[in-house]
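The values are calculated or read from the model by the stated rules, or taken from the named source; none is laboratory data. None of the values given here were measured: they were computed from a predicted structure. Positions of Cβ are backbone-derived with ideal geometry, glycine not excepted, and every protein chain shown enters the neighbour counts.
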Amino acid sequence: MTQILSIGAPILELKDLSICLHHGKQHQILVHDLNLMLRPGETLALVGESGSGKSLTANAVLGLLGNSLQISGGQILVCGEDIVPWSDKERRKLRGTGIGLVFQDYQGSFTPFIKIGKQFVETLRSHNSLSVQEAKLQAMNWLGRVGLPAERVFNSYPFQLSGGQRQRAAIAAALMLKPSLLIADEPTTALDVLTSETVLDLLDELQSQTGCAILMISHDLRQVLKRADTIAVMKEGRIVESGAAEVIRTRPTHAYTKMLLKSRPLLTEIHAQLLAEEQALAGTGDRLA
Amino acid sequence: MRQLLNAEKLCKTYHRSGTAVEALQEVSLHIEVGECLGVVGESGSGKSTLGRILLALEKPDRGDVRLQDHSIIGLKGKALREVRKHIQVVFQDPTSSLNQRLPIWRSVIEALDNFPEITPPFLEDVRHSRRDTAAKLLEMVGLKAEHLDRYPHELSGGQRQRVAIARGISLMPKLLICDEPTSSLDVTVQAQILQLLKRMKMELGMACLFISHDIAAVRLMSDRIIVMKEGRILDQFASRDIMSDERHEYTRKLVAVVS
Amino acid sequence: MNLEAANRSYSVRARRNHWKVLLQFPTMGIGIALMSMILLLTFIGPLIVPNDPLTVVMSERLQSPSWQYPLGTDHMGRCIFSRLMAGAQITLGVSFLVILTVIIIGIPLGLVSGYVGGRLDAILMRFVDGLAALPEFIWVIAVSGFLGPSLTNMIFSIVMIKWIGYARMVRGIVLSEREKEYVLAATVAGTGTWKILSRHLLPQVISPVVILAALDIGKIILIISSLSYLGLGAQPPTPEWGAMLNDGRPYFQTIPELMIYPGVAIMLVVISCNLIGDGLRDYLDVRSR
């Protein structure tokens, strides 16, 4: 099924996208001539350190650039249509139904003083013509699908949930509008390692069910290697290397990609190297003795 | 091996808005001279509380901490000052662990200012001048003299953490407690900071307590590892045995994620 | 070598352009300009006044403005202009004295109370609780009424009530700052309590205290004037603005100028203090620069 889908026309395509920061009369280009393509059912990971422009790129797609930032060139094609010239209103509609969003800061995903269930129902009803009852059913269904105790979470305030639970709820909220593209901006950076894994597993599973494309923004190349189909490594506003995850993992060509991989070696690699060092030391010790 | 620090059956309960959180339940550990002990755990495992108690910033409800056979619990004044000479710290977030209003060199030199009687061997030739001393310390952690008069916000996260490490080693403590020293940094910078810490530990012969949620980093740094969850020690082993079948199920889960 | 170069470049960087700041924060600029004019008049005023502010000339009472009496005379035939000038020294002098004393008492007590806690903290908090029972102004009236009407008693009573607010604010800041890692790091570095208070915590409270003081000075001038107006402050024949308001009260219907002149003087000072206070708040807030 996903096989067939992934041959389809691209959901998202960036063509020579440049983003520019205006500071008084000066301006500075923060993202240079970015080219990306994302097909249905695919996961594309945009990897880079802080200041690399990866989040800016995601915000540009969402139309959430601040006043001082501007798209200075290129196109953002969503389902083949350039959305750069779109009005705010059209973009807002796109954010609602076409593109879903999961933030790093799961506390910011929900209004703190309104119960989760009520927020779900309101979101559903503002995009679809549903009765309260129907919306509630759908909301409960989605909470169940992300592995949460639906009844309890529906009647909880955001602060009553743990970080992992809130991030699951945020994923449910983003996916229940059936977007064809989900943008996940550092979705697990604020979570513990084990919780991160389960959240990423969940994203994988839901993706195979819904067939949506995922644009994943991350600073941790090692973590997304296992998850993404394609990876684009960004540095200082430019993509320095991109390709299939497997190729990046086994045969990275750019020095920066290699450094990213080297700075986050697998535990098994660390372990093997340390053991070897230990033996070498013991060896020299023996010889000296 | 000589034992440097010994903690016995530490218990600590916090009371927050009516509910009691048992941060530490009967935690015992020891650290040997020059050894690095790693503590792995997720948030809420009590690993940071453990660090604060060993730093004598908090008192345990029960239990004892002994530094070379002298209890450090409830010390005040001179006796506490004596302990501070030997146990120093590097915190997680250098943005908040450096005073934003002080230039770098004043932060670096702070501990040495408090203990004028201490001159570590690596500072012998510069100790007469505070600025030269600060410059030497910065140089040791890979910064330059030009950083002396900068303010924390003018440095990158990695540079700030280097400053915090310079301050941590300045007294040449017997034990350096590193509480998630890389968690707030970019991945490439994390690796550099870990290398720096490892080098400092070797050069100065310090013991380390390395607290982190990242088991790969802990393996890299430590000789022995303690795994904590919900205030208890679940597993404890020599670092080289991390892949062994005898590991606790929880440890194996943590290992699997980064393998 | 390198160290010297660092020292040199630092002294260059330290020379910032302070005049630009005034353009960036125009309210503060206007406030400072206004306040400088008032202070100038306060200092040179007594030297240029045409008449002695205390001389009673009953035959010349309630005169209209003339060359001899630029603003006319009051009900005792004293030159209003001369009294305003002389009164400025008392009103401004007393309020600056009050604010200075309040800061000198409030900062150390707040610092120690917040950082050390213990009995001092408990006593301070009881004071705060008690004070909250009634408006500040009522307390000042009660205390100065109890001590009897005089300028010194009035100063004493305002200080007695005002320092608590400052101590409480400083205490609040210290309570939140002392848990931060830079304070913990200093503690671990062996820094003693007094040094932590003076080097790490005092700088954190200075700017909010200065802002509060600038905003408060207007309020204190109003309190002084009100107390004098009520007969609890400066005693006749001392020329104080509030007392002058009081003196003009019986003639309000027929000769309102007697109240308008000191009223406007008070208003100008209060406005300039508030402008400076608002400006300082923006200027010292790092985020706004």
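Of the numbered conditions (1) farther than 30 Å from B:Val189 by Cβ; (2) modelled with pLDDT of 95 or more, B:Gly77 satisfies every one except a single condition; which is it?
Evaluating B:Gly77 over (1) farther than 30 Å from B:Val189 by Cβ; (2) modelled with pLDDT of 95 or more leaves (2) as the failure.
Considering only the stretch A:156-172, I want to know if a residue exists there that is in contact with a Gly (Cβ under 7 Å, 6 or more places away or on another chain), aromatic (Phe, Trp, Tyr) and more than 14 Å from A:Gln104 (Cβ to Cβ).
So far as the stretch A:156-172 goes, no, none of its residues is in contact with a Gly (Cβ under 7 Å, 6 or more places away or on another chain), aromatic (Phe, Trp, Tyr) and more than 14 Å from A:Gln104 (Cβ to Cβ).
Among the residues of the stretch B:63-102 satisfying the criterion of being within 11 Å of another protein chain (Cβ to nearest Cβ) and among the small types (Gly, Ala, Ser), which is nearest to B:Gly168 (Cα to Cα)?
B:Ser97
Is there a residue in the stretch C:124-141 that is surrounded by 17 or more Cβ atoms within 10 Å (Cβ to Cβ) and over 28 Å from the mean Cα position of the chain (by Cα)?
No - not one qualifying residue is present in the stretch C:124-141.
Any idea which of (1) part of a helix (DSSP H, G or I); (2) more than 10 Å from every other protein chain (Cβ to nearest Cβ) is the one B:His153 doesn't satisfy?
The single condition B:His153 does not satisfy is (2).
Hey, B:Arg224 hits all of (1) within 20 Å of B:Val27 (Cβ to Cβ); (2) surrounded by 23 or more Cβ atoms within 10 Å (Cβ to Cβ) but one; which does it fall short on?
For B:Arg224, the exception is condition (2).
I'm checking my understanding of the structure. Among residues of the stretch B:18-50 that are small (Gly, Ala, Ser) and closer than 12 Å to B:Ile226 by Cβ, which one is farthest from the other protein chains (Cβ to nearest Cβ)? Spell out the reasoning first.
Step one: filter the stretch B:18-50 for residues small (Gly, Ala, Ser), giving B:18, B:20, B:23, B:28, B:34, B:38, B:41, B:43-46, B:48.
Filter once more, so that each one left must be closer than 12 Å to B:Ile226 by Cβ: B:28, B:38, B:41, B:45-46.
Working: B:Ser28: 23, B:Gly38: 12, B:Gly41: 9, B:Ser45: 9, B:Gly46: 14 Å.
Once the filter is applied, the top-ranked residue is B:Ser28.
Under the condition of being more than 7 Å from every other protein chain (Cβ to nearest Cβ), closer than 30 Å to A:Glu236 by Cα and surrounded by fewer than 17 Cβ atoms within 10 Å (Cβ to Cβ), which residue from the stretch A:257-286 is modelled with the lowest pLDDT?
A:Lys262
Going by the structure shown, is B:Ser170 under 29 Å from B:Ser244 (Cα atoms), among the polar types (S, T, N, Q) and in contact (Cβ under 8 Å) with a residue 60 or more places away in the chain?
Values: under 29 Å from B:Ser244 (Cα atoms): no; among the polar types (S, T, N, Q): yes; in contact (Cβ under 8 Å) with a residue 60 or more places away in the chain: yes.
Considered against the rule, which asks whether it is under 29 Å from B:Ser244 (Cα atoms), among the polar types (S, T, N, Q) and in contact (Cβ under 8 Å) with a residue 60 or more places away in the chain, B:Ser170 comes out as no.
Answer yes or no: is there a residue in the stretch B:234-241 that is outside any strand (DSSP E or B) and crowded, with 20+ Cβ neighbours inside 10 Å.
yes
Using beta carbons and a limit of 7 Å, which pairs, at least six apart or on different chains, have the first residue in the stretch A:63-86 and on the phi < 0 side of the Ramachandran plot and the second one in a strand (DSSP E or B) and at pLDDT below 85?
These pairs meet every condition: A:Ser68/A:His22; A:Ser68/A:His23; A:Gln70/A:His22.
Within the stretch C:58-72, is there a residue that is in contact with a Cys (Cβ under 6 Å, 6 or more places away or on another chain), surrounded by 15 or more Cβ atoms within 10 Å (Cβ to Cβ) and of a type outside the set (A, V, I, L, M, F, W, C)?
Yes, because at least one residue in the stretch C:58-72 is in contact with a Cys (Cβ under 6 Å, 6 or more places away or on another chain), surrounded by 15 or more Cβ atoms within 10 Å (Cβ to Cβ) and of a type outside the set (A, V, I, L, M, F, W, C).
Does the stretch A:239-256 contain any residue that is among the acidic types (Asp, Glu) and within 14 Å of the chain's Cα centre (by Cα)?
No.
Which of the residues spanning the stretch C:26-56 are part of a loop (DSSP other than H, G, I, E, B) and hydroxyl-bearing (Ser, Thr, Tyr)?
Scanning the stretch C:26-56 gives a single hit, C:Thr55.
Report those helices (runs of 4 or more DSSP H) wholly inside the stretch A:144-239 carrying at least 2 residues which are in contact with a Pro (Cβ under 9 Å, 6 or more places away or on another chain) and buried (at least 20 other Cβ atoms within 10 Å of the Cβ). Spell out the reasoning first.
Details: elements: A:150-154, A:163-175, A:193-210, A:221-225.
Helices (runs of 4 or more DSSP H) meeting the threshold: A:163-175, A:193-210.
Kindly indicate whether B:Glu124 is among the charged types (D, E, K, R) and within 12 Å of another protein chain (Cβ to nearest Cβ).
So B:Glu124 does not fit the description; no.
Being more than 30 Å from A:Arg222 (Cβ to Cβ) and either in a strand (DSSP E or B) or small (Gly, Ala, Ser) (or both), is that true of even one residue in the stretch B:185-200?
Scanning the stretch B:185-200 turns up no residue that is more than 30 Å from A:Arg222 (Cβ to Cβ) and either in a strand (DSSP E or B) or small (Gly, Ala, Ser) (or both).
Residues are listed down the side, and each one gets a yes or a no for (1) out of contact with any Leu (no Cβ under 7 Å at 6 or more places or on another chain); (2) surrounded by 16 or more Cβ atoms within 10 Å (Cβ to Cβ); (3) in a loop (DSSP other than H, G, I, E, B):
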| residue | (1), (2), (3) |
| --- | --- |
| A:Leu17 | no, yes, no |
| A:Gln28 | no, no, no |
| A:His32 | yes, yes, no |
| A:Thr57 | no, yes, no |
| A:Leu64 | yes, no, yes |
| A:Ile76 | no, yes, no |
| A:Pro85 | yes, no, yes |
| A:Glu90 | yes, no, no |
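Within the stretch B:26-42, which residues are in contact (Cβ under 8 Å) with a residue 40 or more places away in the chain and surrounded by fewer than 17 Cβ atoms within 10 Å (Cβ to Cβ)?
Result: B:Glu26, B:Ser28, B:Glu32, B:Val33.
Within the stretch C:188-207, track down each residue that is closer than 14 Å to B:Arg81 by Cα and more than 10 Å from every other protein chain (Cβ to nearest Cβ).
Across the stretch C:188-207, the qualifying residue is only C:Thr193.
Looking at A:Ile183, A:Ile239, which one is over 30 Å from A:Gly147 (Cβ atoms), away from chain B (no Cβ under 14 Å), of a type in the set (A, V, I, L, M, F, W, C) and in contact (Cβ under 8 Å) with a residue 40 or more places away in the chain?
Values: A:Ile183 fails: over 30 Å from A:Gly147 (Cβ atoms).
On inspection, the qualifying residue turns out to be A:Ile239.
Residues C:Leu151, C:Leu100, C:Leu120, C:Leu147: which one is without any contact (Cβ under 8 Å) to a residue 24 or more places away in the chain and farther than 23 Å from C:Val209 by Cβ?
One residue alone meets the criteria, C:Leu147.
Select from the stretch B:171-193 the residues that are more than 12 Å from the chain's Cα centre (by Cα) and within 11 Å of another protein chain (Cβ to nearest Cβ) and list them in ascending order. If you could, list the steps in order and put the result at the bottom.
Taking the stretch B:171-193 as the starting set, the residues that turn out to be more than 12 Å from the chain's Cα centre (by Cα) are B:171-172, B:183-193.
Of everything in the stretch B:171-193, those that are more than 12 Å from the chain's Cα centre (by Cα) and within 11 Å of another protein chain (Cβ to nearest Cβ) turn out to be B:Leu171, B:Ser183, B:Ser184, B:Leu185, B:Asp186, B:Val187, B:Thr188, B:Val189, B:Gln190, B:Ala191, B:Gln192, B:Ile193.
Given the criterion among the aliphatic types (A, V, I, L, M), closer than 25 Å to B:Arg2 by Cβ, facing another protein chain (nearest Cβ under 10 Å) and crowded, with 21+ Cβ neighbours inside 10 Å, identify the matching residue among B:Ala111, B:Ala134, B:Ala164. Give the derivation first.
On the way: B:Ala134 fails: closer than 25 Å to B:Arg2 by Cβ; B:Ala164 fails: closer than 25 Å to B:Arg2 by Cβ.
Unique residue meeting the criteria: B:Ala111.
Return the residues of the stretch A:221-235 that are at pLDDT 90 or above and of a type in the set (D, E, K, R); say none if nothing qualifies.
Within the stretch A:221-235, A:Asp229, A:Lys235 qualify.
Please verify whether C:Leu23 is modelled with pLDDT of 80 or more and either over 23 Å from C:Pro237 (Cα atoms) or within 14 Å of chain B (Cβ to nearest Cβ) (or both), treating the condition exactly as stated. Show your work before the answer.
Values: modelled with pLDDT of 80 or more: no; either over 23 Å from C:Pro237 (Cα atoms) or within 14 Å of chain B (Cβ to nearest Cβ) (or both): yes.
So C:Leu23 does not fit the description; no.
Please verify whether the stretch B:208-219 includes one or more residues that are assigned to a helix (DSSP H, G or I), within 13 Å of the chain's Cα centre (by Cα), within 14 Å of chain A (Cβ to nearest Cβ) and among the β-branched types (Val, Ile, Thr).
Checked against the condition, which is being assigned to a helix (DSSP H, G or I), within 13 Å of the chain's Cα centre (by Cα), within 14 Å of chain A (Cβ to nearest Cβ) and among the β-branched types (Val, Ile, Thr), the stretch B:208-219 yields at least one hit.
Kindly list the number of the only condition in (1) surrounded by fewer than 21 Cβ atoms within 10 Å (Cβ to Cβ); (2) within 25 Å of B:Gln68 (Cβ to Cβ); (3) of a type in the set (Ser, Thr, Tyr) that fails for B:Ser170.
Unmet for B:Ser170, out of (1) surrounded by fewer than 21 Cβ atoms within 10 Å (Cβ to Cβ); (2) within 25 Å of B:Gln68 (Cβ to Cβ); (3) of a type in the set (Ser, Thr, Tyr): (1).
Just for strands (runs of 3 or more DSSP E) wholly inside the stretch B:10-129: which have at least 3 residues that are small (Gly, Ala, Ser)?
B:19-32
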